[in-house]
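Report on the following structure.
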Amino acid sequence: MVDDFSMSYIDSAEMTTILLIHGFPLSSALWWPQIEELEDMVRIIAPDLRGLGDSDATPPPYTIEMYAEDCVSLLDTLGIDEPVIVGGLSMGGYVALALYREYPERVGGLILTATRAAADSADGRVNRDRAIAQVEAEGIEPLVTGLLPRLLAPDTVAEEPALVAYVEEMMRGSKPDGVIGALMAMRDRADSTELLSRIDVPVLILHGQQDQIVPLAEAEAMAAAIPDARLFPLEAAGHLPNLERADVWNMAVAQFVATLQASGTR
Ligand code: MLT
C-alpha cells in the first residue's frame, strides 16, 4: 500500500542471486565480464576469498571449508537467506562443492567452471608443499610467472595481450600469506567425488577444451556422476573460460538461470 492505493512495482534487487567464487590466485576481478553483461538479469555477489584480492590475509593455514563458511557469512551479512546459485571456478569450484556439502539449504543451483571433484593426488600434495616453500622463500613472483601461461589457452596468450596483462595484474595483487593459505587449503581438501551423486539441485558445468590445469575428462566425469547436470565444453578456451569466451559462458549461464527461474527453482 502506498498512501491510499495498492501500487505495483519492480524492485531490481529482487533478482536471482549468483554467488561467484574465484580461483587461485585470483580475485573477484575474474568476474568483470559477468558483472558487466549479466547485471540486468541477476544479482552477482563476488567475494575476494580470505587473503586474496582486497580481503584481509589472516595468518594461514586456511581450509576450503573455511572459505565456504566465509562466503555463507557474507550472505548472512547481506541478509540473503534464500538459496542462491553458487558458481565457482577451479579452487572456487572446490569451495562451491564444500558449501553445498556443509550448507545445502543455501544452494539452489551450482555452476562449476574449470574444476574437479577429486582431492589432490600424493604427487599433487608434494607440488603444493614445493610451491608453499617457494612463496615463503621468494615471494609470489615465480609462481605468477610459472602459472600465467598455463591458465590461458595458447591462442589467448598469442592473440589477447590485454587479457593476459589483466590476469597477470590480478595474480600480482595476491598477498603471500593468502597464496600460502590457499595452497594449504587445496592440498588438504576433501575428495568430493562421493558427494556428486547426492547433489539434488541443477548443475551447469563449463569447461575450456584447452584447459591445461584441469583436463576436460574431470568435467565429463562430474557431469556423468551428478543426477541433474549439463556439461558445456567451450572451444578455444583454457582454464579461465568466463574471461576467454565470456560471450559463450554468459549465454550458457543466462540460459541456465532462465531455466531455473521458469521451473520455479529460483
Ligand atoms: C585454480 O585455478 O584455482 C587452481 O589452479 C586449482 C588447483 O591448483 O587445483
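The values are calculated or read from the model by the stated rules, or taken from the named source; none is laboratory data. The structure presented is a predicted model; accordingly, all values stated were derived computationally and were not measured. When we count neighbours, we look across all protein chains shown, and the Cβ atoms used for this are built from the backbone with ideal geometry, even at glycine.
Could you check, for region 102-109, whether at least one of its residues is among the hydrophobic types (A, V, I, L, M, F, W, C) and in a strand (DSSP E or B)? Yes: one or more hits. In the set (1) assigned to a helix (DSSP H, G or I); (2) farther than 19 Å from Pro33 by Cβ; (3) β-branched (Val, Ile, Thr), Val214 fails one condition alone, (1). Taken as a whole, the structure leaves Asp200 outside the set of residues that are within 13 Å of the ligand (Cβ to nearest atom) and surrounded by fewer than 21 Cβ atoms within 10 Å (Cβ to Cβ). Collect the residues in region 135-156 that are away from the ligand (no atom under 16 Å from the Cβ) and either in a helix (DSSP H, G or I) or closer than 14 Å to Ile213 by Cβ (or both), keeping them in residue-number order. Result: Glu136, Ala137, Glu138, Glu141, Pro154, Asp155. Among the residues of region 175-186, is any touching a Ser or Thr at 6+ places or on another chain (Cβ under 8 Å), buried (at least 17 other Cβ atoms within 10 Å of the Cβ) and outside any helix (DSSP H, G or I)? The answer is no; no qualifying residue exists. Of all residues in region 71-110, none satisfies the criterion of being surrounded by fewer than 18 Cβ atoms within 10 Å (Cβ to Cβ) and within 16 Å of the ligand (Cβ to nearest atom).
Looking only at residues in region 80-95 that are out of contact with any helix residue (DSSP H, G or I) (no Cβ under 8 Å at 6 or more places or on another chain) and assigned to a helix (DSSP H, G or I), the one that is nearest to Glu194 (Cα to Cα) is Gly93.
A search for C-beta distances below 6 Å between a residue of region 226-247 that is under 23 Å from Tyr166 (Cβ atoms) and any residue that is within 13 Å of the ligand (Cβ to nearest atom) and of a type in the set (D, E, K, R), counting only pairs 6+ apart in sequence or on different chains, returns Gly238/Asp211; His239/Asp211.
Quick one: what pairs do we get from region 205-221, first residue at pLDDT 95 or above, second of a type in the set (Phe, Trp, Tyr) and more than 12 Å from the ligand (Cβ to nearest atom), C-beta under 8 Å, 6+ apart or different chains? Hits for this filter: Ile205/Phe232; Leu206/Phe232; Leu206/Trp249; His207/Phe232.
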